[in-house]
Amino acid sequence: MTGEPTVEGAPLGRGGATTTGDAGATPTGAEEAERGQITSIEGIPALSLDAISSVAYGPEAMLVVLATAGAGALAKIEPITIAIVVLLVILVFSYRQVIEAYPDGGGCYAVSKANLGPHASRLAAASLVVDYVLTVAVSISAGVAALVSAFPGLAADGLVLSLAILVLLTVLNLRGIATSARTFLFPTAVFVAGIYVVIVAGLLRAHPAANSGMHPVVIPKIAATVGVLLILKAFAAGCSALTGVEAIANDVPAFRAPRARRAMRTEVILGAILGTMLLGLAILTVRFHVGPTATQTVLSQITGASVGRGPIYYVVDLSTTVILALAANTSFGGLPVLASLLARDNLVPHVFGLRAERPVYRYGVVVLAVLAGLLLVAVNANTNSLVPLYAIGVFTGFTLSQVGLVRHWHQRKPRRWWARAGLNGTGAAMTAVATVIFLVTKFAGGAWVVVIAIPALILLFSRIARYYDDVGTELGLGSIPGIPHVQEELVVVTVAAVSRMTESALSTALSLGHEVVAVSVQFDDERAASLQSEWDRWNPGVRLVVLRPQSRSVATPMLDYLGSPEIRGRQVMVLIPEVEPRKWRHRLLQNQRGVVLANVLRRRTNVNVARVPYRLTRD
């Protein structure tokens with residue numbers, strides 16, 4: 001059997017032309033591709049858990065800020081929540097517009113690229129990458145923290161549990177986003193239904209449930225003075241509940257056709273669920289006089305006050321733990337698609353644009369998991385160490401997308417464009433204020449890491465783009481090359497012994513229609529003579545050159561031969577035959593000289609190198 005030569009190091013083209021699919025991937029058909037995509041409802045567990053789960057910590061973040069002004073200030077959570085829900089409505093309608101205008105995904109990156117130029121788009125991309133990695137780390141660590149609070153005996157194993165959840169999510173997403181969406185649909189439904197039960201039950205109560213452990217507290221009507229700065233800080237803190245709203249627009253291609261319409265529908269469903277939950281929980285916070293404590297989360301207090309410490313309480317508490325951990329799935333749906341768009345624009349390695357048989361960008365999934373895992377290890381899965389870094393990246397993206405849409409409407413001027421631009425301008429102002437407050441108030445607490453990470457990513461994008469530009473210039477991409485000409489080539493086949501593999505490699509070389517010579521490096525006189533004798537008896541019609549080096553190196557005599565007067569200046573291709581075992585574990589048993597020789601020849605010569613696999617087929 002004749003193995004096909006595998007020529008490595010083929011040049012990459014501009015615009016990701018080489019990234020349409022994995023080499024050797026077999027098309028699975030339209031029906032299989034359709035099954036690998038998600039519906040509008042499945043888009044909630046696949047791409048919206050980050051936003052939905054934020055009701056577990058968004059209201060608490062506001063209360064922590066307001067509590068610094070005294071118990072009377074806690075009632076301000078209601079008007080602040082209304083302002084956040086107004087911003088949520090603006091963002092939902094804005095991202096519906098993003099989905100409609102940019103159905104290939106990419107969200108704020110696509111908007112910034114089209115309307116604000118390359119620098120703004122790279123800032124948007126870097127902000128999203130940072131946010132996606134932090135979302136995975138924060139969500140998993142928060143979920144484990146909730147589990148540990150219920151089962152304190154697991155406290156010592158927090159990091160191990162976090163990494164185990166990360167591995168599970170990675171495996172599920174490597175099987176495709178549809179698989180993870182369907183797997184998470186039930187726990188998502190339980191969590192959403194549980195929160196609504198809590199809200200409805202709480203609205204029907206005037207006082208906390210008898211077995212809630214809470215007692216009515218009368219808040220003085222003369223509340224502490226709450227300054228504008230504190231209100232703004234509480235607003236910014238509460239805006240952490242809006243992280244994840246952009247994920248649907250980033251991954252529109254994951255939906256079934258009609259993709260844009262399904263994605264827009266999912267965005268509205270998400271906005272309705274998140275908005276009503278935030279408003280309901282804010283009302284109950286004031287009704288039951290809930291405040292932040294060191295021993296119990298705000299959501300846990302509200303749940304106990306509404307339904308008591310019975311079965312419903314534990315269902316909601318457990319589902320909250322599960323949803324917080326699974327909220328990381330939002331990033332697994334968004335970052336790989338973003339990375340594929342960046343690969344198409346030559347900002348990250350083109351390998352991120354490759355997809356396997358399943359419709360999943362596996363390289364983006366794996367890199368996201370590795371980065372999140374390193375971050376979890378670095379902070380020992382401590383949520384409090386990660387929270388100061390959170391939300392800055394996504395709110396930077398919010399602001400850029402809103403500003404980009406303002407310019408989008410101004411340039412195209414569709415009917416009533418001024419109303420759309422006004423909506424987006426208002427959203428841009430609100431998210432910009434939140435971003436600035438985040439940076440100022442959380443800089444010393446760890447936000448400086450994000451301030452360093454985002455410019456570092458932008459620099460990395462620029463260096464990668466410069467590399468691809470240099471490669472494209474040297475390859476002459478975009479220009480008309482000269483007429484190809486025939487050049488006589490010498491094909492050198494490396495030989496270890498007379499075998500079927502040697503026959504296969506020589507057949508491949510002779511089929512190229514050029515001069516062929518076999519070269520063997522032998523360290524022993526007897527083996528060299530034996531090989532020459534066998535070769536003469538076989539007489540394949542190809543000359544054999546036996547090299548006898550003084551050292552035990554295979555590469556050095558080959559380099560000397562290729563640099564000899566009879567070879568120097570000629571067009572040369574070196575074919576290196578090697579055994580391809582039936583099972584992957586058998587690769588460790590094979591001689592790796594071919595790999596070493598190929599690497600040395602590529603690094604130190606201008607010859608073309610191809611490794612020719614001889615595939616073993618017998619069981």
### Query
Going by the structure shown, is residue 67 surrounded by fewer than 24 Cβ atoms within 10 Å (Cβ to Cβ), of a type in the set (Gly, Ala, Ser) and farther than 15 Å from residue 398 by Cα?
yes
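Per-residue answers, yes or no, for (1) closer than 15 Å to residue 96 by Cα; (2) in the same structural domain as residue 133 (by TED's automatic domain parsing); (3) crowded, with 18+ Cβ neighbours inside 10 Å:
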site: 238; (1), (2), (3): no, yes, yes
site: 249; (1), (2), (3): yes, yes, yes
site: 263; (1), (2), (3): yes, yes, yes
site: 272; (1), (2), (3): yes, yes, no
site: 281; (1), (2), (3): no, yes, yes
site: 288; (1), (2), (3): no, yes, yes
site: 292; (1), (2), (3): no, yes, yes
site: 306; (1), (2), (3): no, yes, yes
site: 312; (1), (2), (3): no, yes, no
The residue that is nearest to residue 397 (Cα to Cα), considering only those in the range 442-458 that are among the aliphatic types (A, V, I, L, M) and over 19 Å from the mean Cα position of the chain (by Cα), is 451
Considering residues that are under 16 Å from residue 98 (Cα atoms), in a helix (DSSP H, G or I) and either modelled with pLDDT under 90 or of a type in the set (S, T, N, Q) (or both), the number found within the range 407-418 is 6
Restricting attention to the range 242-262, the residues that are under 12 Å from residue 92 (Cβ atoms) and part of a helix (DSSP H, G or I) number exactly 3
Taking the stated definitions as given, is residue 57 more than 20 Å from residue 268 (Cα to Cα), under 28 Å from the mean Cα position of the chain (by Cα) and not small (Gly, Ala, Ser)?
yes
Exercise. Answer yes or no as to whether residue 497 is closer than 16 Å to residue 574 by Cβ and either surrounded by fewer than 20 Cβ atoms within 10 Å (Cβ to Cβ) or within 45 Å of the chain's Cα centre (by Cα) (or both).
Key: no
From the option list 515, 534, 489, single residue qualifying as surrounded by 11 or more Cβ atoms within 10 Å (Cβ to Cβ), farther than 30 Å from residue 124 by Cα and either hydrophobic (A, V, I, L, M, F, W, C) or within 46 Å of the chain's Cα centre (by Cα) (or both) is 489
Turns out the helices (runs of 4 or more DSSP H) fully within the range 81-198 with at least 3 residues that are crowded, with 18+ Cβ neighbours inside 10 Å and within 15 Å of the chain's Cα centre (by Cα) are 118-150, 158-174
The condition from (1) under 19 Å from residue 459 (Cα atoms); (2) without any contact (Cβ under 8 Å) to a residue 40 or more places away in the chain that residue 132 misses is numbered (2)
Note on the range 539-588: residues within 19 Å of residue 523 (Cβ to Cβ), small (Gly, Ala, Ser) and loosely packed, with under 11 Cβ neighbours inside 10 Å are 551
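Residues are listed down the side, and each one gets a yes or a no for (1) outside any helix (DSSP H, G or I); (2) among the β-branched types (Val, Ile, Thr):
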| residue | (1), (2) |
| --- | --- |
| 41 | yes, yes |
| 46 | no, no |
| 50 | no, no |
| 55 | no, yes |
| 63 | no, no |
| 66 | no, no |
Any residue that is over 18 Å from residue 571 (Cβ atoms), at pLDDT 85 or above, in contact with a strand residue (DSSP E or B) (Cβ under 8 Å, 6 or more places away or on another chain) and of a type outside the set (Asp, Glu) - is there at least one of those in the range 506-517? yes
Scanning the range 445-486 residue by residue, the ones that are surrounded by fewer than 10 Cβ atoms within 10 Å (Cβ to Cβ) and touching a Lys or Arg at 6+ places or on another chain (Cβ under 8 Å) total 1
Picked from the range 280-307 (must be part of a loop (DSSP other than H, G, I, E, B) and under 19 Å from residue 191 (Cβ atoms)), the residue farthest from the chain's Cα centre (by Cα) is 296
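The values are calculated or read from the model by the stated rules, or taken from the named source; none is laboratory data. What you see is a predicted model, and the numbers here were worked out from it, not measured in a lab. Using ideal geometry, Cβ is built from the backbone for each residue, glycine included, and neighbour counts are taken over all protein chains shown.
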